[in-house]
Amino acid sequence: MTQAYTQETRQLGDDAPQPSGSRIGRLLDRLRNDRGLWRRGLVLAAIAILLALVMIFHADVPNRVGNLGSLLETFLPWLGLALPVLLVLGLVRRSASAVLALVLPIAVWLNLFGGLMFSDKSGSGGELTVVTHNVNAENADPSGTAKDVAASGADVVALEELTSTAVPRYERALADSYRYHTVQGTVGLWSKYPLSGTKPVDIKLGWTRALRTAVRTPHGEVGVYVAHLPSVRVKFNAGFTAEQRDASAEALGEAISHEPLDKVILLGDLNGTMNDRALAPVTAQMRSAQGAAGDGFGFSWPASFPMARIDQIMVRGVDPVSAWTLGKTGSDHLPVAASVDY
């Protein structure tokens with residue numbers, strides 16, 4: 001009787017399903033057997049792959065229709081916001097396909113911007129510190145803005161969007177800190193060191209919004225350009241209108257290419273990011289101080305919620321040591337600063 005019971009029990013046990021030996025084994029069994037886990041969320045997976053392709057081939061997005069390529073490149077880092085959204089949607093849908101597909105756009109975004117986001121390249125010191133600030137023509141407190149910028153201790157300060165009525169107020173506020181200065185049209189430069197060879201730069205606008213000068217520092221002369229390229233607009237019926245900005249960028253790049261000094265610094269509001277192909281006439285021959293020695297993206301506009309770095313410090317022949325963004329002033333832009341070594 002006991003033997004019969006044992007045999008019957010063994011036979012019943014042989015027919016019953018046996019649990020896997022580990023949690024990982026059970027998870028792998030589920031992934032193999034739950035076909036819905038892979039079939040769900042295919043649309044989310046396709047969106048993730050498309051997002052990766054857009055980031056990889058952003059330079060191939062045409063500008064013929066509404067300058068779409070430049071618009072995309074201006075806000076390219078913000079495509080990363082779609083990644084956590086797609087991850088949450090994939091988890092809610094319990095879709096292995098959607099979650100796995102996210103590996104590609106995450107890898108692409110980190111390749112493009114991980115160095116800016118997670119690597120602090122800034123150092124200490126620097127033989128020359130420069131600041132550039134679009135002070136806003138409608139700034140209600142020019143004197144306060146000037147004092148805020150001077151408090152940075154910069155050796156050279158560039159200001160853009162100056163008005164004839166505000167210039168005397170900037171000059172008075174900066175006189176104690178900067179012995180030398182020049183104003184050409186709507187841009188100006190204040191320096192602790194002597195200036196020479198100052199002249200306006202024609203960027204094809206019909207009025208002066210750029211200048212060139214030589215700053216004689218204790219370490220040698222450096223050619224300094226200050227520029228305020230035309231604004232761009234996003235219009236419903238025309239898209240990203242930037243033709244005038246693009247023509248001015250080409251003219252500015254041409255002027256810099258003929259600069260006789262080896263050491264060159266460009267300060268200004270270029271109304272475009274380093275990713276924007278339209279600024280290639282300039283960016284192809286100079287380095288971004290923020291990209292080389294900054295911490296984070298260094299967004300400068302709009303000041304209330306910075307979304308893009310359109311205020312640039314670019315160099316040639318000198319080495320960026322650090323780059324940063326200053327605090328809010330009475331302008332709709334944030335001032336940006338950098339220190340360089342010779």
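Can you confirm whether G296 is surrounded by fewer than 19 Cβ atoms within 10 Å (Cβ to Cβ), touching a Gly at 6+ places or on another chain (Cβ under 7 Å) and not hydroxyl-bearing (S, T, Y)? Break it down stepwise before answering.
On the way: surrounded by fewer than 19 Cβ atoms within 10 Å (Cβ to Cβ): yes; touching a Gly at 6+ places or on another chain (Cβ under 7 Å): no; not hydroxyl-bearing (S, T, Y): yes.
Considered against the rule, which asks whether it is surrounded by fewer than 19 Cβ atoms within 10 Å (Cβ to Cβ), touching a Gly at 6+ places or on another chain (Cβ under 7 Å) and not hydroxyl-bearing (S, T, Y), G296 comes out as no.
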Can you name the residue in segment 52-107 that is loosely packed, with under 12 Cβ neighbours inside 10 Å and part of a loop (DSSP other than H, G, I, E, B) and, of all such residues, is modelled with the highest pLDDT?
F57
Of the residues that sit in segment 325-342 and are assigned to a strand (DSSP E or B) and aliphatic (A, V, I, L, M), which one is surrounded by the most Cβ atoms within 10 Å (Cβ to Cβ)?
A338
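Residue check: is V232 surrounded by 18 or more Cβ atoms within 10 Å (Cβ to Cβ), within 19 Å of M314 (Cα to Cα) and among the aliphatic types (A, V, I, L, M)? Lay out the reasoning, then the answer.
Details: surrounded by 18 or more Cβ atoms within 10 Å (Cβ to Cβ): yes; within 19 Å of M314 (Cα to Cα): no; among the aliphatic types (A, V, I, L, M): yes.
No: the conditions fail for V232.
Can you tell me which residue in segment 187-203 is surrounded by the most Cβ atoms within 10 Å (Cβ to Cβ), limited to those that are assigned to a loop (DSSP other than H, G, I, E, B) and touching a Lys or Arg at 6+ places or on another chain (Cβ under 7 Å)? Give the steps one after another, and end with the answer.
Kept after step one, since they are assigned to a loop (DSSP other than H, G, I, E, B), are these residues of segment 187-203: 192-194, 201-203.
Restricting the remaining residues to those that are touching a Lys or Arg at 6+ places or on another chain (Cβ under 7 Å) gives 192-194, 201, 203.
Values: K192: 17, Y193: 18, P194: 13, V201: 21, I203: 25.
Going through the qualifying residues, I end up with I203.
Any idea which residue in segment 283-324 is farthest from the chain's Cα centre (by Cα), counting only those that are among the polar types (S, T, N, Q) and in a loop (DSSP other than H, G, I, E, B)?
Quick first cut of segment 283-324, residues among the polar types (S, T, N, Q) only: 283, 285, 288, 290, 300, 304, 312, 322.
Next, only the ones that are in a loop (DSSP other than H, G, I, E, B) stay: 285, 300, 304.
On the way: Q285: 18, S300: 9, S304: 16 Å.
So, considering only residues that are among the polar types (S, T, N, Q) and in a loop (DSSP other than H, G, I, E, B), the one farthest from the chain's Cα centre (by Cα) is Q285.
Any residue in segment 220-237 that is under 22 Å from V336 (Cβ atoms), modelled with pLDDT under 95 and part of a helix (DSSP H, G or I)? It would help to see each step written out before you state the result.
First, pick out the residues of segment 220-237 that are under 22 Å from V336 (Cβ atoms): 222-232.
From what is left, the residues that are modelled with pLDDT under 95 are 230-232.
Those left that are additionally part of a helix (DSSP H, G or I): none.
Within segment 220-237, none of the residues are under 22 Å from V336 (Cβ atoms), modelled with pLDDT under 95 and part of a helix (DSSP H, G or I).
Taking segment 57-87, which residues are β-branched (V, I, T) and within 17 Å of the chain's Cα centre (by Cα)?
Kept after step one, since they are β-branched (V, I, T), are these residues of segment 57-87: 61, 65, 74, 85.
Within segment 57-87, T74 is the sole residue that qualifies.
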Name, by its number, the condition in (1) touching a helix residue (DSSP H, G or I) at 6+ places or on another chain (Cβ under 8 Å); (2) surrounded by fewer than 21 Cβ atoms within 10 Å (Cβ to Cβ); (3) without any contact (Cβ under 8 Å) to a residue 40 or more places away in the chain that does not hold for R277.
(3)
Just need a number here: residues in segment 160-183 that are outside any loop (DSSP other than H, G, I, E, B) and free of Cβ contacts under 8 Å to residues at least 40 places away in the same chain.
12
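Does I265 fit the bill of being of a type outside the set (K, R) and buried (at least 24 other Cβ atoms within 10 Å of the Cβ)?
Details: of a type outside the set (K, R): yes; buried (at least 24 other Cβ atoms within 10 Å of the Cβ): yes.
In short, yes.
The values are calculated or read from the model by the stated rules, or taken from the named source; none is laboratory data. Predicted model, so just to flag it, every value in this text is computed and none were measured. So basically every Cβ, Gly included, is an ideal-geometry build from the backbone, and we count neighbours across all protein chains shown.
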